[in-house]
Protein chains: 2
Amino acid sequence: MARPRKNEHIKEQLLEVGLDELLTNGYHGTGIKDVLDRLGVPKGSFYHYFRSKEVFAAEIIKFFADDLNHRLAASVSNKGELGLPALKRVFRLLVTEHKDGSGGCILGALASEIAETSEVCRQALQKEVENWNRMMTIIIQQGQTIGDIRNDLDADVLARMAWNCWEGSVLRMKIEGRPEPTEEVVEVMFDAMLKAQ
Amino acid sequence: MARPRKNEHIKEQLLEVGLDELLTNGYHGTGIKDVLDRLGVPKGSFYHYFRSKEVFAAEIIKFFADDLNHRLAASVSNKGELGLPALKRVFRLLVTEHKDGSGGCILGALASEIAETSEVCRQALQKEVENWNRMMTIIIQQGQTIGDIRNDLDADVLARMAWNCWEGSVLRMKIEGRPEPTEEVVEVMFDAMLKAQ
């Protein structure tokens with residue numbers, strides 16, 4: 001892969017550090033100045049790439065989702081799994097990303113904090129959650145065809161339930177300060193609720 | 001009931017307005033000054049009741065949960081329902097509170113934004129989520145005894161899954177800007193996933 005031009009590199013660094021700040025301090029708790037200070041980048045550079053803090057957050061949502069989806073798709077494809085094992089692989093990978101009980105999902109965090117007050121961010125969130133749901137629906141449909149995932153409910157409904165349950169478990173992980181809630185979801189939700197009986 | 005003393009009334013008003021501000025603007029986006037300005041209360045009064053913004057948020061968590069639990073318990077008890085119908089009544093009542101697709105759960109919102117950075121709030125959240133889980137576990141145990149809720153999983157595990165799925169659906173509601181995700185959870189989670197087959 002060609003080395004990114006310097007400009008692209010700065011933009012990516014801003015997105016990476018912004019993601020980290022948003023996950024730790026939330027939208028309102030994140031100052032553009034803090035992001036710039038961490039990178040030693042002047043204010044003008046920021047506004048060259050991002051029209052506003054709101055647009056910056058919307059691009060971070062896409063940056064986060066693109067990276068995650070790419071890694072998850074690669075992992076599933078490498079193993080050649082389909083249906084339930086593929087679904088569990090995806091969520092087990094998510095569990096490993098929170099193994100110290102910290103972090104979180106920027107989609108859930110920004111949904112909670114600013115989806116109602118920022119239409120720009122709400123639209124970015126909706127797009128990425130729909131993308132995610134499409135990916136999971138395909139895996140669940142495979143499982144329904146193979147016969148290892150229940151087929152009394154539509155695949156897209158099950159995909160939404162899995163997302164809901166996962167996001168709730170991330171909140172519980174933060175409340176308990178330990179990763180067990182996310183681990184429990186993978187075992188209970190997938191083995192006892194989505195598996196074909 | 002005796003009319004509350006003026007002091008108690010001011011404290012309750014601060015909690016009510018604080019809850020509204022936190023739900024709309026998040027923890028970092030809420031200024032104590034905004035709360036005081038809305039009520040015309042001087043700064044000194046605030047610090048008479050609350051040592052800090054963090055303690056204020058922790059008391060709002062308890063205030064929100066006490067009020068909600070009281071209303072839900074009264075509704076279930078009035079109808080004399082047990083098991084699955086009682087569980088669905090609880091969550092259908094929650095759905096009606098979000099029928100315009102806005103609002104949210106302050107437990108989920110603060111879990112996401114500050115559970116990792118405020119130990120005072122994390123402990124308040126943990127206490128209320130545990131209370132909630134105990135209430136739901138009792139209802140689910142009744143359902144397992146009656147036979148209308150599945151009994152292949154422990155009641156407390158099912159209670160946690162119901163909470164997870166609900167909280168995830170509230171995030172999705174905010175992302176979609178409509179209440180359907182919360183309505184879907186009540187039908188799918190309870191009718192197809194928790195019901196005894």
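Counting the residues of the stretch B:138-159 that are basic (Lys, Arg) and facing another protein chain (nearest Cβ under 7 Å) gives 0. A single entry from B:Ala115, B:Ala111, B:Ala162 fulfils the requirement of being of a type in the set (A, V, I, L, M), under 15 Å from the mean Cα position of the chain (by Cα) and under 16 Å from A:Gly108 (Cα atoms): B:Ala111.
Exactly one residue among B:Glu167, B:Glu176 is within 12 Å of another protein chain (Cβ to nearest Cβ), at negative phi and buried (at least 24 other Cβ atoms within 10 Å of the Cβ), and that residue is B:Glu167. Inside the stretch A:179-188, can you point out the residues that are crowded, with 21+ Cβ neighbours inside 10 Å and free of Cβ contacts under 8 Å to residues at least 60 places away in the same chain? Result: A:Pro181, single match. Mind checking whether some residue in the stretch B:89-102 is at the interface with chain A (Cβ under 10 Å from one of its Cβ atoms) and modelled with pLDDT under 95? Yes - at least one qualifying residue is present in the stretch B:89-102.
Considering only residues of the stretch B:39-96 that are within 24 Å of B:Arg122 (Cα to Cα) and among the β-branched types (Val, Ile, Thr), which is surrounded by the most Cβ atoms within 10 Å (Cβ to Cβ)? Here the residue is B:Ile60. Give me the residue from the stretch B:138-164 that is surrounded by fewer than 17 Cβ atoms within 10 Å (Cβ to Cβ) and polar (S, T, N, Q) and, out of that set, nearest to B:Thr24 (Cα to Cα). Selected residue: B:Asn151.
Of all residues in the stretch A:187-195, at least one satisfies being more than 7 Å from chain B (Cβ to nearest Cβ), in contact with a helix residue (DSSP H, G or I) (Cβ under 8 Å, 6 or more places away or on another chain) and not in a helix (DSSP H, G or I). Do we have B:Ser112 as within 14 Å of A:Ile175 (Cβ to Cβ) and either modelled with pLDDT of 95 or more or at the interface with another protein chain (Cβ under 9 Å from one of its Cβ atoms) (or both) here? Considered against the rule, which asks whether it is within 14 Å of A:Ile175 (Cβ to Cβ) and either modelled with pLDDT of 95 or more or at the interface with another protein chain (Cβ under 9 Å from one of its Cβ atoms) (or both), B:Ser112 comes out as yes. When B:Asp34, B:Asp20 are checked against the criterion of being within 14 Å of chain A (Cβ to nearest Cβ), surrounded by fewer than 17 Cβ atoms within 10 Å (Cβ to Cβ), touching a residue at least 12 places away in the same chain (Cβ under 8 Å) and under 27 Å from B:Lys174 (Cβ atoms), B:Asp34 stands alone in meeting it. When the test is whether a residue is in a helix (DSSP H, G or I), small (Gly, Ala, Ser) and more than 12 Å from the chain's Cα centre (by Cα), B:Ala57 passes it. For A:Lys127, indicate whether it is closer than 21 Å to B:Glu167 by Cα, of a type outside the set (A, V, I, L, M) and either at the interface with chain B (Cβ under 7 Å from one of its Cβ atoms) or surrounded by 21 or more Cβ atoms within 10 Å (Cβ to Cβ) (or both). No; evaluated as a whole, the condition is false for this residue.
On the basis of being away from chain B (no Cβ under 14 Å) and out of contact with any Pro (no Cβ under 6 Å at 6 or more places or on another chain), does A:Phe63 make the cut? Criteria met by A:Phe63. B:Leu68 passes every criterion in (1) under 22 Å from B:Leu158 (Cα atoms); (2) touching a residue at least 40 places away in the same chain (Cβ under 8 Å); (3) of a type outside the set (S, T, N, Q) apart from (2).
The values are calculated or read from the model by the stated rules, or taken from the named source; none is laboratory data. Only a predicted model underlies this, so the values are computations on that prediction, with no experimental measurement involved. Positions of Cβ are generated from backbone atoms using ideal geometry, with glycine treated the same way; all protein chains shown enter the neighbour counts.
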